[in-house]
Amino acid sequence: DGVNSLLDKSLLQQSDERGSETRFSMLLTIREYAGECLSRSGDEEIVRRAHAAYFIVLAEEAAQAKEQSEEWLDRLELEHENLRLALETLLSTGNAEWALRLGVALFRFWDTREHFGEGRDAITRILKLPDSSKHPSLRARLLFATAVLAGQQGEFEAARGMFEQSLNTYIEIGDQQGVAVALNAL
């Protein structure tokens, strides 16, 4: 009833353009007003953290699917703006662990859907977080990911450097599988 009331008042828009899933969106002015209300409420940090947590889990589920099926990739594409917002929240709050997890989970999406520049930019920003070095396994995976994306863009020297950094990190933490994958890539 609440959603129908918002639709009737044109405060929400409904679209069914992607399969059978119904999506709702707010007009920009309504979204801005809602954002201001959220800021004044004192709950913004909690809401943004919950939003980021939801999208980390979604991205990790997609990444753990046996295959990067079109269905999962389409779902991530559909949620692209929400994933960007979640990442921005994590970067702005300095939450390195969650940002690393999200970056690792989104790597195949960025690669498969050819969001190479966006992925590299996001990973670069994540790796610059002060606490990212406290999570060497995730960091090594993201170094590898950015190397792949650099290679996709034809920047082979940059890719080589990132593969080498990934390899060195895998050696430091004793991850033999990671060492093998990085050596294979080199």
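The values are calculated or read from the model by the stated rules, or taken from the named source; none is laboratory data. What you see is a predicted model; the values in this text were computed from it and never measured. Cβ: placed from backbone, ideal geometry, glycine included. Neighbour counts: every protein chain shown. All accessible areas refer to the heavy atoms of the entire protein, side chains included, with ligands and DNA or RNA removed. Shrake-Rupley method; radii C 1.70, N 1.55, O 1.52, S 1.80 Å.
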Q | Surface accessible to a 1.4 Å probe, per residue, for the residues of the chain, Å² | A | 59 Å²
Q: Would you kindly compute the Cα radius of gyration of the range 81-186 and its largest Cα-Cα separation (Dmax), both in Å?
A: 12.9, 37
Q. What is the gain in length, in nm to one decimal, between ARG160 and LEU85 on full extension, counting 0.36 nm per residue of separation less the C-alpha to C-alpha distance?
A. 24.0 nm
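May I ask you to rank ILE173, ILE123 by accessible area, largest first, using a 1.4 Å probe over the protein chains only? Spell out each step's value before the answer.
Working: ILE173 70, ILE123 0 Å².
If we order ILE173, ILE123 from most to least accessible, we get ILE173, ILE123.
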Q. Heavy-atom accessible area of SER133 with all protein chains present, probe 1.4 Å, nearest 10 Å²?
A. 80 Å²
Q.
Could you tell me which residue out of VAL3, THR22, LEU186 lies farthest along the dipole of the chain toward its positive end? Charges go on the beta carbon: Lys and Arg +1, Asp and Glu -1, centred on the Cα centre.
A. LEU186
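Sorting check: for 98-109, 25-36, 153-164, which peptide has the highest mean count of neighbouring beta carbons within 10 Å, and how do the rest follow?
Details: 98-109: 24.2, 25-36: 11.8, 153-164: 15.8.
Sorting 98-109, 25-36, 153-164 by mean packing, highest first, produces 98-109, 153-164, 25-36.
Which percent of the accessible heavy-atom area of the range 90-179 goes to carbon and sulfur, probe 1.4 angstrom?
On the way: 1990 of 4350 Å².
Answer for the range 90-179 is 46 percent, counting heavy atoms of protein chains only.
Give me the percent relative contact order of the range 67-186, please, defined on Cα pairs under 8 angstrom at least 6 residues apart.
On the way: 120 pairs, mean separation 23.4, N = 120.
Here the relative contact order equals 19 percent.
To the nearest whole percent, what portion of all C-alpha pairs in the range 126-186 is separated by more than 14 angstrom?
Numbers: 912 of 1830 pairs.
Roughly 50 percent, rounded to a whole number.
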Q.
Let's test the formula: R0 of 35 Å, r as the Cβ-Cβ distance of VAL47 and GLU172. What FRET efficiency results, to the nearest 0.05?
A. 0.40
**Q.** Exposure ranking of ASP175, ASP111, ASP16, ASP8 by accessible area [1.4 Å probe, largest first]
**A.** ASP8, ASP16, ASP175, ASP111
Q. Excluding GLU97 itself, what net charge comes from residues whose Cβ is under 14 Å from its Cβ, given Lys and Arg +1 and Asp and Glu -1?
A. +3
